[in-house]
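Coordinate-derived values only; no laboratory data. Because the structure is a prediction, the values reported are computed rather than measured. Please note: Cβ atoms are built from the backbone with ideal geometry, for glycine as well, and neighbour counts cover all protein chains shown.
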């Protein structure tokens, strides 16, 4: 079974956490991948998918997967895409429906579809990772990003965990699973964020 995790389930246990800074490229190692307390590795999208599915096939207890990509979407009252509250900080925006957000959301769709098809023996709980709003001096680094996400779980600060109840910009907005459009509605997971 695959479902959205809950804020109460964000408890560190190195045996049941997987962190993925997902990328979608033809040949480049566009993904950062981290299992529990291990060191991060940088791999292609396909390698990340295969490694995660293999890992899940050996699990007997629930596994938490943090994917650094939009796992939920928001729409306004007219049905137009709208940003979620955590995507707007200090006058900057990184909305799910703009630019790279769409690309990694599609990548996450294919990853979750592969996990679903692999039929893992134990429950899989999804969490959205969000590493953004870094200074200009900080270039994006896949390994560093998964380490930031792990640190947000191991040593959470007040703003590291955002409940789905706190996503909406306006009370008339709606929020749903990003995968609902593909008949894979696993619910809306909390966001685990760490902007360095």
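Before moving on, here are some points about what is shown:
- Burial ranking of peptide ranges 75-82, 59-66, 4-11 (average Cβ count within 10 Å, highest at the top): 59-66, 4-11, 75-82
- Sequence-separation-based contact order of the stretch 2-193, relative, with Cα cut under 8 Å and 6+ spacing, percent: 31 percent
- Full-extension gain in nm, residue 117 to residue 85, via 0.36 nm per residue minus C-alpha separation: 8.3 nm
- Here the calculated FRET efficiency for residue 95 and residue 25, from their Cβ-Cβ distance with R0 = 25 Å, stands at 0.70, rounded to the nearest 0.05.
- Short to long, the 5 Å bins of the Cα pair-distance histogram for the stretch 2-193 hold 1, 8, 17, 22, 23, 16, 9, 3, 1, 0 percent of all pairs.
- Theoretical FRET efficiency, 1/(1+(r/R0)^6), r = Cβ-Cβ of residue 39 and residue 77, R0 45 Å, to 0.05: 0.45
- Over the chain, dividing the summed -39,500 (n - 2.57) contributions of all DSSP H runs of at least 4 residues by the number of residues returns a 222 nm mean residue ellipticity of -7500 deg cm²/dmol.
- Label sites at residue 57 and residue 11, each approximated as a point 7 angstrom past Cα along Cα to Cβ, lie 3.0 nm apart.
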